[in-house]
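This report concerns only the one structure given below.
The values are calculated or read from the model by the stated rules, or taken from the named source; none is laboratory data. Source: prediction; values computed, not measured. Positions of Cβ are backbone-derived with ideal geometry, glycine not excepted, and every protein chain shown enters the neighbour counts. Heavy atoms of the whole protein, side chains included, go into the accessibility calculation; ligands, DNA and RNA do not. Shrake-Rupley method; radii C 1.70, N 1.55, O 1.52, S 1.80 Å.
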Amino acid sequence: MQAANRPPVTARFSRSGPIVAPLSFAQQRMWVLHEIHSASPVYTLAYTLELRGPLDIDALTAALAALAHRHPALRTRFAVQDGAPVQVIEP
């Protein structure tokens, strides 16, 4: 689907800075498991992608930026704030 044909993405929050939110129960579980077994690769997924032909770096950069803009999970990191884990969604 071309960019012009996509429905507009509307922000649910102000994008003036990062959004800090508590973790969901599933995220809390994953955070605790990571704290206990931080060296474990159990949740690491490795993929290989082979591209053939010329690569348009500008098009790839624009596509990845549009994907990250559209999906907040791709802009989310986890931090500890006041002793508790939180998710931080970057603008």
Task: Loop-located trypsin sites (Lys or Arg not before Pro) in the chain, at most 10 other Cβ atoms within 10 Å (DSSP) - done: 12, 52
Task: Rounded if a/c under 1.5, otherwise prolate or oblate - segment 36-84, Cα gyration tensor axes - done: oblate
Task: Exposed-loop-free span, longest in the chain, where chymotrypsin sites (Phe, Trp or Tyr not before Pro) count as exposed if DSSP calls them loop and at most 15 other C-beta atoms lie within 10 Å - done: 48-91
TODO: With all protein chains present, calculate the accessible area of residue 64 using a 1.4 Å probe and round the result to the nearest 10 Å².
DONE: 100
- [ ] Return the distance in nm (one decimal) between the two label points of a simple spin-label model at residue 76 and residue 35, each offset 7 Å from Cα along Cα→Cβ.
- [x] 1.8
Open item on the list: Among (i) 17.2, 50; (ii) 13.6, 41; (iii) 12.3, 38, only one was calculated for this model; which label is it, if the read-out is Rg and Dmax of the Cα atoms in Å?
Closed with: (i)
Task: C-alpha long axis of helix 25-36 to longest principal axis of the chain, angle in ° - done: 70
Open item on the list: Give me a comma-separated list of calculated 3J(HN,Hα) values for segment 61-69, in order, Karplus coefficients 6.51, -1.76, 1.60 applied at θ = phi - 60°, integers in Hz, x for any Gly or Pro.
Closed with: 4, 5, 5, 5, 5, 5, 5, 5, 5
